[in-house]
Amino acid sequence: MLSSKRKGFFFEASEFSYYGATATGFEPPLTVQEFVLLPRTEEQQFRSILDGMSSGSGKRRMIQGNCTVYPESRFICRSSIDTKKLKDPTYLSENLRTEFQVDPDRHAVHILHPDMGTELNLDSNFGKNILYCGGEAKELSSIQDTLVDMGIYPRSIEIGSISCLGGLIDYLRWKNITTPILSVEIQGEFSNVFIVSRKGLLLAKKVEHGINSMIPRLQKELGLEDEEAAKKLLFSQTLDFEDIGTRLLRKLMHELQASTGFFEVQTGVSVGLCFTPIIPEGFGWITEALLESLGVSPLDIDLIGWLENQGIQLTDEVASKVNGNRDFRFFTSIGTYTSGDSNEDSN
């Protein structure tokens, strides 16, 4: 249970879950004092927890917090640009529109440094690679309204994919892991595919295959009456996916193999590890199937050690609740990251 006696509050909403944590401050060094994780289906329970934190007489008080969200329309695109054309005020907008089919008129767009994830100063000597990130302005506005309705006043709102990638790059530097990592966010309708190393984000791709893509395939495999029956069975966590799982994931695996294969041909460097920061509870078999299909090893997160390196301590109670690979993405929203030094050559 989260209490109101705290200095820092952190909140995350993804497609499948809610996270909340209280801490001694908003910036490291700090101590995380309380921690809660609930599935999205238990939204009312989470709202009750928030009501308890802001309880008081008279007008309802808002909880100030740093918020991390995963909008369905989010995008992260890595692009090589012609810096000589930056004097044209329409160049980047047209580049985003034509290369990635993102309409700048409907989307909120930020331009980031691909190595550091920080806002990019286009007048600086940043090389030729940039990151576009953002989401549909309408959806982002709706998310902000939802946060306020839940009783949360956002001190900041960040797209979780950005903080997770920043934390992952920092983790690779801290652990001195030199091999590139495949990171896959598996959503309902799509998956985000990233390849990162100690030097930054090397590949970003959105593929239109996610959890829901398995439903019609499962219906066909088992001869079920309709897709609704297949969906209930898929999420029931009662089916043995050892044999059927690979067939359900065929389209996603094809996309991942194509992405990693393209990267390895272009760079001459093999992807050796895989990490799945977003995956519904009970779907761990997906990670196992991907590892076997791609012939890579899992990235096992030493969460406590990395947090201590970040200046983030956990109380004994919180430490007993957290799981490194499951909760890493949430705790990346609490950390801070800098560019660091790397001996690797830039692409």
Residue that is surrounded by the fewest Cβ atoms within 10 Å (Cβ to Cβ), among those in the range 188-236 that are under 30 Å from Val269 (Cβ atoms) and among the hydroxyl-bearing types (Ser, Thr, Tyr): Ser213
Condition broken by Gly268, with the remaining ones in (1) of a type outside the set (Ser, Thr, Tyr); (2) modelled with pLDDT under 95; (3) over 23 Å from Glu292 (Cβ atoms) satisfied: (2)
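One line per residue, one yes/no per condition, for (1) assigned to a helix (DSSP H, G or I); (2) surrounded by fewer than 20 Cβ atoms within 10 Å (Cβ to Cβ); (3) in contact with a His (Cβ under 8 Å, 6 or more places away or on another chain):
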{"site": "Thr260", "(1), (2), (3)": "yes, no, no"}
{"site": "Val271", "(1), (2), (3)": "no, no, no"}
{"site": "Glu308", "(1), (2), (3)": "yes, yes, no"}
{"site": "Ser333", "(1), (2), (3)": "no, no, no"}
Positions within the range 157-167 being surrounded by fewer than 23 Cβ atoms within 10 Å (Cβ to Cβ) and not hydroxyl-bearing (Ser, Thr, Tyr), in sequence order: Ile157, Glu158, Ile159, Ile162
Strands (runs of 3 or more DSSP E) contained entirely in the range 171-218, each with at least 1 residues that are in the same structural domain as Gly261 (by TED's automatic domain parsing), modelled with pLDDT of 95 or more and aromatic (Phe, Trp, Tyr): 191-197
Hits in the range 71-127 (condition: in contact (Cβ under 8 Å) with a residue 24 or more places away in the chain and acidic (Asp, Glu)): Glu72, Asp82, Asp115
Residues of the range 86-124 classified as part of a loop (DSSP other than H, G, I, E, B) and hydroxyl-bearing (Ser, Thr, Tyr), total: 3
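If you take the residues in the range 279-292 that are among the small types (Gly, Ala, Ser) and surrounded by fewer than 18 Cβ atoms within 10 Å (Cβ to Cβ), which one is farthest from Met253 (Cα to Cα)? Walk me through it before giving the result.
Taking the range 279-292 as the starting set, the residues that turn out to be among the small types (Gly, Ala, Ser) are 282, 284, 289.
Those still in the list that are surrounded by fewer than 18 Cβ atoms within 10 Å (Cβ to Cβ) too: 282, 284.
Values: Gly282: 19, Gly284: 15 Å.
Among those residues, the one meeting the criterion is Gly282.
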Condition met for Ser142 (loosely packed, with under 14 Cβ neighbours inside 10 Å, outside any loop (DSSP other than H, G, I, E, B) and either within 20 Å of the chain's Cα centre (by Cα) or modelled with pLDDT under 95 (or both)): yes
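Please go through the range 223-239 and give me each residue that is in a helix (DSSP H, G or I) and without any contact (Cβ under 8 Å) to a residue 40 or more places away in the chain, ordered by number.
Step one: filter the range 223-239 for residues in a helix (DSSP H, G or I), giving 227-235.
Listed by number, the residues that qualify are Glu227, Glu228, Ala229, Ala230, Lys231, Lys232, Leu233, Leu234.
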Exclusive hit being out of contact with any Gly (no Cβ under 9 Å at 6 or more places or on another chain), assigned to a loop (DSSP other than H, G, I, E, B) and acidic (Asp, Glu), set Glu264, Glu281: Glu281
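The values are calculated or read from the model by the stated rules, or taken from the named source; none is laboratory data. What you see is a predicted model, and the numbers here were worked out from it, not measured in a lab. Neighbour counts run over all protein chains shown; Cβ positions are idealised from the backbone, glycine included.
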